[in-house]
């Protein structure tokens, strides 16, 4: 993998840039306890994080999937601003990348309205001219369509692009799109789990991304 001339960085949002873990877990618990009381432990619910909501819920009941998505989202939106925070060093790192001319995009499995809520809350919206949500594509991660759409909008090429994320869908999506991948060790899924998907890099703090990308500090 040629990673000597990185100028484009694609970021997942939840669990990577912003800490929505408490919000997501609370919304999953709220939803599954309503529809399937007592079925899942917290550990099992973690396994659902990272894929589109509809895909998660249709596995349980295709006829109820849309209703469950709406139930989840109502709770998620109502509790968003009190449960969402930014991970340490994210704002400063993204700001530095922006100031150094790096092209950046958000590539997320979330719907646009909640993505915009999170970016606005953390003031990260100013740095991302391109945001590709699940609403803009037919095939979300790990399919490469979202990443390829973002790269096309940014006029980016594979050999100069990084994908940064906290779930296997981000790493697999990056690999399927032919770009270098960066896993974040603060993933709720656990460092060892994410490492098993063999990202090109694993970072313990977002500031480490600067040296990977070749920013002169």
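Structure summary
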item	result
Number of the exception - residue 126 against (1) within 22 Å of residue 187 (Cα to Cα); (2) out of contact with any strand residue (DSSP E or B) (no Cβ under 7 Å at 6 or more places or on another chain); (3) outside the structural domain of residue 26 (by TED's automatic domain parsing)	(1)
Subset tally (residues that are in a helix (DSSP H, G or I), free of Cβ contacts under 8 Å to residues at least 40 places away in the same chain and under 25 Å from residue 95 (Cβ atoms)) for the range 114-146	6
Residue match in the range 43-60 (condition: in contact (Cβ under 8 Å) with a residue 12 or more places away in the chain, more than 20 Å from the chain's Cα centre (by Cα) and either closer than 19 Å to residue 187 by Cα or outside the structural domain of residue 146 (by TED's automatic domain parsing) (or both))	yes
Positions within the range 176-207 being part of a helix (DSSP H, G or I) and touching a residue at least 24 places away in the same chain (Cβ under 8 Å), in sequence order	176, 177, 193, 194
Residue count for the range 193-210, restricted to those that are loosely packed, with under 14 Cβ neighbours inside 10 Å and under 21 Å from residue 176 (Cα atoms)	2
Residue within the range 1-24 that is assigned to a helix (DSSP H, G or I) and without any contact (Cβ under 8 Å) to a residue 24 or more places away in the chain present	no
Condition check for residue 27: out of contact with any helix residue (DSSP H, G or I) (no Cβ under 7 Å at 6 or more places or on another chain) and within 30 Å of residue 205 (Cα to Cα)	no
Candidate set from the range 101-113 (those that are touching a strand residue (DSSP E or B) at 6+ places or on another chain (Cβ under 9 Å) and part of a loop (DSSP other than H, G, I, E, B)); member that is farthest from residue 18 (Cα to Cα)	102
The range 25-59 - residue that is assigned to a loop (DSSP other than H, G, I, E, B) and surrounded by 15 or more Cβ atoms within 10 Å (Cβ to Cβ) and, of those, modelled with the highest pLDDT	40
When residues of the range 81-115 are limited to those that are surrounded by fewer than 21 Cβ atoms within 10 Å (Cβ to Cβ) and closer than 19 Å to residue 56 by Cβ, the one modelled with the lowest pLDDT	111
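The values are calculated or read from the model by the stated rules, or taken from the named source; none is laboratory data. Small disclaimer: the values here were computed from a predicted structure and weren't measured. We place every Cβ from the backbone using ideal geometry, glycine too, and count neighbours over all the protein chains shown.
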